[in-house]
Amino acid sequence: MTNQEGNMNPKLLGIPTQLFTKPLTQPLRTATRFQLVHESRPTIAKQLRDHELAAALLSPLDYARDSSDYRIVPNVAVVSHDGNGSIIVRFREGVKNISTVAVDPSFASEIILTKIILSEQFDIEPGILPMIASLDVMLQKADAALLVGDVAFRHREDSEDIIDIIEEWNEMTGLAYVHALWCGRGGDLAMEDIQRIQDAGTKGVAGISDIAMEFSKDVRDAVQQYLESFSYTMRDEAKEGLARFMKYLYCHGITPDVSELNFYSTEEANDNLLSGISSN
């Protein structure tokens, strides 16, 4: 049985649960050609690797690990051009030197980014303590805690004792930072799929105020300001920032070589679209 758009089955798209992805994913909830799979980042990365998904919003690190197998949907991503509190290192009160940082292990890309920033910008290489715990517990166990996405947003005004990792990245490179990008294999997305994903980003940005309305009145303005602090298009500065991060991953021994940025092309998507049409 076909759905309303003529597909036998909807294509599965992996969606992380972070708030900052909503402008890219919200409009896709009503697209009958797709079914959204909401999971943690590690689960989504594994599902895409195992061919269980047609595409997924991956972290830069998850893309780099399998870059030879993947294509990037062009012109759409979650991007920060300035420090916005989305990735922060919060210190325990009174700490002078950071020797340990508590981290949520599900944010591997942000952990690596933070290690790069602390090494390059502050000449420190603290021990990493993986744990899934509250901020209070993290700061009992370590000198500092890495807070990412929704958790960072909730604690954005708790203290002045922080390092804004994106702000440091901007200062170090002069480039934007890409938090998440749509990835799939060459044969898994047709041209129309790519267009729908790109259009969803445009619609989602225009509907940020509607996304904010889903939250309680006391945080709506903060949610809207937070989402508006991101860009959702991958222009040249974002591509350059992503390429620079690939180089840092190699230089810091995370990947065996510098991962190339492989984008879907119109020709490749058209070939896939036509492959399903019988010549008879």
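Remarks
- For GluC sites (Glu not before Pro), the sites in segment 35-101 that DSSP calls loop and that have at most 15 other Cβ atoms within 10 Å are E52, E93.
- Crossing angle, helix 217-228 versus the chain [Cα axis fit, 0-90 degrees, rounded to tens]: 70
- Estimated D of segment 1-127 in µm² per second, where Rh is the Kirkwood radius over Cα pairs and Stokes-Einstein applies at 4 °C, 1.567 mPa s: 76
- Apportionment of accessible area to carbon and sulfur, the chain, percent (1.4 Å): 46
- Unit Cα scatterers, Debye sum, segment 64-133: log10 I(q)/I(0) for q = 0.15, 0.18 Å⁻¹: -0.67, -0.89
- Label point 7 Å beyond Cα of T32 along Cβ direction - residues of segment 179-200 with amide nitrogen under 18 Å: 192-193, 196-197
- Considering all C-alpha pairs of the chain, those separated by over 33 Å amount to 23%.
- Whole-Å semi-axes of the ellipsoid equivalent to segment 157-238 (Cα gyration tensor, √5λ, descending): 28, 22, 10
- Every helix of 4 or more DSSP H residues in the chain counts as -39500 (n - 2.57), and over all residues that averages to -11500 deg cm²/dmol at 222 nm.
- When both bridge partners sit in the chain, DSSP labels roughly 60% of those beta bridges antiparallel.
- Solvent exposure of segment 173-264, expressed per residue, is 48 Å² of accessible area, with all protein chains present and a 1.4 angstrom probe.
- A straight line joining the Cα centroids of segment 54-83 and segment 118-192 runs 16 Å.
- Solvent-accessible area per residue for segment 33-91 (1.4 angstrom probe, square angstrom): 34
- Label-to-label distance, nm, for residues given as N262 and K141 (7 Å Cα→Cβ offset): 3.7
- Nearest-0.05 FRET efficiency for A243 and D218, computed from C-beta distance (R0 30 Å): 0.15
- Within the straight-line cut-off of under 15 Å between alpha carbons, the aspartates and glutamates reachable from K141 are E93, D104, sequence neighbours fewer than 8 places apart in one chain being disregarded.
The values are calculated or read from the model by the stated rules, or taken from the named source; none is laboratory data. Note that the coordinates shown come from a computational prediction; the quantities given were computed from them, not determined experimentally. So basically every Cβ, Gly included, is an ideal-geometry build from the backbone, and we count neighbours across all protein chains shown. Areas reflect the complete protein model, heavy atoms only, side chains present, ligands, DNA and RNA absent. Shrake-Rupley method; radii C 1.70, N 1.55, O 1.52, S 1.80 Å.
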